[in-house]
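The values are calculated or read from the model by the stated rules, or taken from the named source; none is laboratory data. Keep in mind it's a predicted model, so treat the numbers as computed, not measured. Cβ placement follows ideal geometry from the backbone for every residue including glycine, while neighbour counts extend to all protein chains displayed. Side chains included, ligands, DNA and RNA excluded: accessible areas come from the protein's heavy atoms. Shrake-Rupley method; radii C 1.70, N 1.55, O 1.52, S 1.80 Å.
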Amino acid sequence: MLNFMGVSRVTSVELMTAMVIPEQRPRERSPIDVLRLVGGGLLLGIGLLTANTFDSAFVGLASDGQSILDSLPSWAANVPAAILTVILLAAVAAAVGWALYTHRYRRLVQLLLGVTLAGGASLLLGQAIEAMIDPHVRDAFIIDGSVVDDPLLRLITTNGGVRRVAPGDPLLAGAVAALAIAGSWLHRRRSRQISLLLAVTAGLTTMTAGVPAITLLVDIAVGMIAAALVFLATKRHSPALLRSEVMSATADIGFELADVAPLDVDARGSQPWIGTTPDGRKLFIKTLSRDERSADLLFRFYRWVTIRRSGDHRPFSSLRQAVEHEALVAMHAKSLGISTPNVVGVNKAGLDGVLLVFDALEGHSLDLDDDVSDDVLTKVWQMVDTLHKHRLAHRDLRLANVFLDTEGDAHLIDFGFAEVGASDQVISTDVAELLASTTAVVGVERAIAAAAEVLEHEEFQAAIPWMQKLALSGATRAAIGGEKGLKPLRETVIDKCGLSALPPVRLQRISPKTLMVIATLAVSAFFLLPQLADLDTLLDQVKDASIPWIVAATMLSLLTYVGATVSLLGAIPGRVPFPGAFLAQLASSFANRVTPAKVGGVATNIRYFQKQGIPVPIAVSAVGINGVAGLIVHITMTTFFFVLAGRSDVETPVSLPSTALLLTILGAILAISALVYIIPWGRRLLSKQVMPHLRTAGSSLKTIAAQPGKLLALFGGSAVITMAYLAAFAASMYAFGTEVSFPVMAVLFLSGSAVAQAAPTPGGLGATEAALVAALSTVEAPEIVVPAVFLFRLVTYWLPILPGWLAMTSLQRRNLL
């Protein structure tokens, strides 16, 4: 149309184009930040642990750095800090100017928040570490005016004076956080350049300021964590490709698109699109961005941590290499005669994104088909067999990755996880995956029958150990119903093919119980080891302890095994010789030292009683009853000493709860129990998990109650165990001259040991020491509590190891275990 000046015309198409609103990237929480949070946490843990463990080495490094600093001009030490300051101020100024110019205030807030959080966290971390160290110890690091440096305090001598620098460098931490946040919109090449500059600056700081390199890891970790937390809290713009970026990148490889739209289908690790060229040709476009790359790395890291034999190859060094590998494998499969879509192009797209273009197929995936024919299943197995004979494994053989076109032909798709030159393990896992996936859709009989048309019995046999949850994808596990669906599949394969029932391959590397053990040990070591760091002083204190009390503690430790034997024999309906049962208790204590949560001790006792002719169910029940009796005795004695300590005339620093408070706590417990019972889920839990055990224990106790001698032995032996441990601990405290009254000591010991019993570590290692030191430190000085706990654990935990091993060896030689 003609404008008012009559100079030019604007067509309706141009007008509509000008009015198109620019595409907006959605904001989301990205796997990139989860990966950065995990990496920062690991780096922080490594830095702090290494600095604490190898402090002597870092003292030497600090001294060497000081010697270098002395040979330089006095201003040289400030050069790295000046560079960091310039970098940070320039980055912040540039970000502020850019945000004001482009009106992107959200990014500006994120940047400033990350820098502030990282710098503040670095300063607080330094102050916290400095506060944890005894001032007398800190002062001891300065000798003859030279640097004898704790790496976490960085005492630096300057012109005869001492300048104390906090362990955190807020400038470096803030710069790392700024780079990590700005990297979400900067090109990767620019981010690498800035990263290199920061690395050089950090190296200069190490060489010129006498700063141990390990402390720089802490600052870098703090910056990474701060950036990740900011993005997880405020979200970031998604790096996924936009429609315009997909169209532009596809046009660059010769395919102009008239239209393109995202597909809402199962496409793990990518975002699929369907495009149409002006001549009507359909293209399937698979796009990947930083998010998919980070998610893949997280997934691989998780599998590496949790699975021993995952069969995963090393991750590719870049997203582009991963896409090129998928294109190569797809074309290789096509050359072998496999029905799979044609690869027509690969190209980079958007901000560090990559796309892979195929000819599109009309149809649907088999997981959406309610009536899959046997001919189609057989064709799928024939293609898989061809792949495996050429050592090519698909590694994601779900029916979601088998496409049925409109003519009824099956095609294998998505070779993103495929592997060339695959091992026997990976090929067997492929077979197990496809068997489980087809079973979920067509049933176990048809699934096995279709596979049997193609596979040899040896291939079924090799796949049996991999028919387990950890070997299969999450989607297949969910579809087949977990172990409930896999068990009949294994049994039917073995029965139909006449195979051997091979046990599942052990895949789990770290179980939740193992993680709890590691976490408990780490926490216990963090709180306990600083108190036991001066081992020479601790041994000197033990040498000064009262010998009679040490002997008494040792004898009382031996008495606990007598009580354990009597208690366990009281739970057994029949007669078992006392000497052998006593040796079994020593052996079980040794087994508990090498297994978590008393698993080894329980197994040892059950095995011994089984060898004595006691049926396994009765032996298991007896061990359970013994544990219940011990719990009842422990609670009873704790309550008794609480009351006794509360009525004592001796003043103690312990503030014992009043009767009203105890009744309030009891009422709260009853109210919570009633609430759990009202909720259907709680009722099911009680009826299926709790009540059967209570009924079994009650029935066994009722049987034992008919024999007063057995009942007395059961509860009397449990009382001997508890009192012997309590007396052994009191003897350990009295060996160092404590004046704490016995009732108060008993309350704190029983409470602390109850908390420690919840720890899954072998024998409560670490948790027991930490709990007892923490509890008794409220009423006694650490100079008495720490060596007393050390002595108590020495006579009750460490000394019985050798007798326990000898007892176990003796019982094994006599075929009693």
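The heavy atoms of Ile721 offer some 40 square angstrom of accessible surface to a 1.4 angstrom probe. With the highest mean first, a sort of the peptides 27-34, 283-290, 707-714 on other beta-carbon atoms found within 10 angstrom per residue produces 283-290, 27-34, 707-714. These residues, Tyr725, Tyr797, Tyr302, Tyr105, go from largest to smallest accessible area, 1.4 Å probe, as Tyr302, Tyr105, Tyr725, Tyr797. Counting heavy atoms of the protein chains alone, Arg281 has an accessible area of about 90 Å² for a 1.4 Å probe. Compared with the direct C-alpha span, the chain from Arg506 to Ala774 gains 92.5 nm at full extension, assuming 0.36 nm per residue. For Arg293, the accessible surface of its heavy atoms amounts to roughly 50 Å² (probe 1.4 Å, protein chains only, rounded to the nearest 10). Pairs exceeding a 27 Å alpha-carbon distance, out of Lys282/Lys348; Lys235/Lys348; Lys286/Lys334; Lys487/Lys611; Lys389/Lys496; Lys235/Lys286: Lys487/Lys611. Under 5 Å from the amide H of Gln508 lie the amide H atoms of Arg308, each residue being 5 or more positions distant or on a separate chain, with H modelled from the backbone and absent for Pro and chain starts. Here r is the Cβ-Cβ distance between Asp371 and Lys334 and R0 is 22 Å; the resulting FRET efficiency, rounded to 0.05, is 0.20.
Backbone phi angles across segment 288-293, fed through the Karplus curve with coefficients 6.51, -1.76 and 1.60 (θ = phi - 60°), yield HN-Hα couplings of 9, 9, 4, 4, 5, 4 Hz in residue order; Gly and Pro are listed as x. Of the residues Leu366, Leu229, the one with the largest accessible area comes first in the ranking Leu229, Leu366, computed with a 1.4 Å probe on protein heavy atoms.
Backbone geometry of segment 786-792 corresponds, through the Karplus equation with coefficients 6.51, -1.76 and 1.60 at θ = phi - 60°, to 3J(HN,Hα) couplings of 4, x, 5, 5, 4, 5, 4 Hz, x marking Gly and Pro.
Note that segment 621-635 has calculated 3J(HN,Hα) couplings of 4, 5, 5, x, 4, 4, x, 4, 4, x, 5, 4, 5, 4, 5 Hz, one per residue in order, obtained from phi through the Karplus relation 6.51 cos²θ - 1.76 cosθ + 1.60 (θ = phi - 60°); glycine and proline are x.
Taking all protein chains together, Phe729, Phe715 sort by accessible area into Phe715, Phe729, largest first [probe 1.4 Å].
Annotation: amide H of Gly345 within the under-5 Å range of Val357, sequence separation 5 or more or interchain, hydrogens built in the peptide plane.
Each label point was placed 7 Å from the Cα along the Cα-to-Cβ direction; for Asp424 and Glu445 their separation is 3.4 nm.
With a simple spin-label model that places each label point 7 Å from the Cα along the Cα-to-Cβ direction, the separation between Met555 and Leu196 comes to 7.6 nm. Distant-in-sequence amide contacts of Gly481, defined by a placed amide H-H separation under 5 Å and a gap of 5 or more residues or a different chain, comprise nothing.
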